[in-house]
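Report on the structure given below.
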Amino acid sequence: MFKLGLIINPYAGIGGALALKGSDGAAVRQKALAMGAEQKAPKRAAEALELLAPLKDRIGIVTAAGDMGQRIAEQLGFETEVIYQPPEQTEAKDSQKLAELLMEQHVDLILFAGGDGTARNICDVVGETLPVLGIPAGCKIHSGVYTVTPKAAGKVVEKLVKGELLSLREADVMDIDEEQFRQGQVRARRFGEMRVPAELQYVQAVKMGGRESDELVLADIAAHVIESMNDELYIMGSGSTVASIMEELGLDNTLLGVDLVHNEELIGQDMTAEALLSAVKGKAAKLVITLIGGQGHLFGRGNQQLSPEVIRAVGRDHILVVATKTKLQALDGRPLIADTGDAELDKALSGPITVITGFHDQVIYPVASPGSE
């Protein structure tokens, strides 16, 4: 089940048709409503969600009550979970509060309808921690987190739910000063970045044979992982992709085993499940793992040292999956498999996961438990 977080700013764009140059501020919204303004954001969100209706048995929507998401989701027949009760007159803080709660729910994607102000509010909370996608519904749409149309947002989410390979890219959150805009001055500035799913693009940096090209991609993956390393324990799984990271670190590697790294130094080699659990239990740790080419197994094939207890000690959010796009494409749409021997854990590991495919290049790919793929 794809867990979709939904945030609708009911008042986004309310002042546009009335030439109020935006909808920021309670006074502007009250004036717009008094002038007979129509709330268009819920309708724009519905346009996106209507495209997903054929997949509603595979999507669970987590949202707030009323016009912030519940009403539209239930009207379209989606399984809906309400986690926040907003006031009748919603403000920026309500979008932010819902975003916080959605992060705690570990949703796979936050889909939101609004304008640049809404994007700013969500960015303040979410940052680059999980993927988001904007449905354009405001007066000002300068930010790169929005699709070109509401239906385009629905198409991107559809691809994610179907498990198609999409890149994750960093997109700027921009906004302008509405008071100056009303005086004829447009001054936009950048307020941050969020990660958005985008159509997968294959870019060949140099013209050379597949082996040489693969080596360059592996070096890029290694550079990404090493750049993000901090004062945590790193469990380095088996396989050639992880081995390339160890090579870049200048460390000995157990190709068919599991090693332990701290502060870019090797502190454990070819470790057993028991030794790994003892080393990481109660400590900050991450697991770097790749998939078995052609089969797609993340766990349960050749890495039994990564026991259910070890995986739970690390936590799903701290698993770094690394793979080339070529390796993922070879799966022909089949999901990655979590076969840990613990059915409850396999279910918890299922769902879209971020895969590091290059330097600052990531994609979203589905994980399934045995028998569900």
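Here, each number is a calculation from the coordinates, and none is a lab measurement. As the structure is a prediction and not an experimental result, all values here were calculated from the model. Glycine also receives a Cβ, built like all others from the backbone with ideal geometry; neighbour counts cover every protein chain displayed.
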Point to revise | Separation of the residue 301 and residue 215 label points, Cα + 7 Å toward Cβ, nm | key: 2.7 nm
Review point. Which residues' amide hydrogens lie under 5 Å from the amide hydrogen of residue 135, considering only partners 5 or more residues apart or on another chain, with H built in the peptide plane?
Key: 112, 113, 114
Review point. Counting only the backbone N, which residues of region 283-313 are under 18 Å from the spot 7 Å out from the Cα of residue 263 toward its beta-carbon?
Key: 283-286
Revision key, fill the gap. Links exceeding 32 Å between C-alpha atoms in this model, out of 93/347; 40/286; 56/283; 43/162, come to 93/347; 40/286; 56/283
Practice item. Could you work out how far apart the two model spin labels at residue 56 and residue 85 are, taking each label as a point 7 Å from the Cα in the direction of the beta carbon, and quote it in nm? Key: 2.6 nm
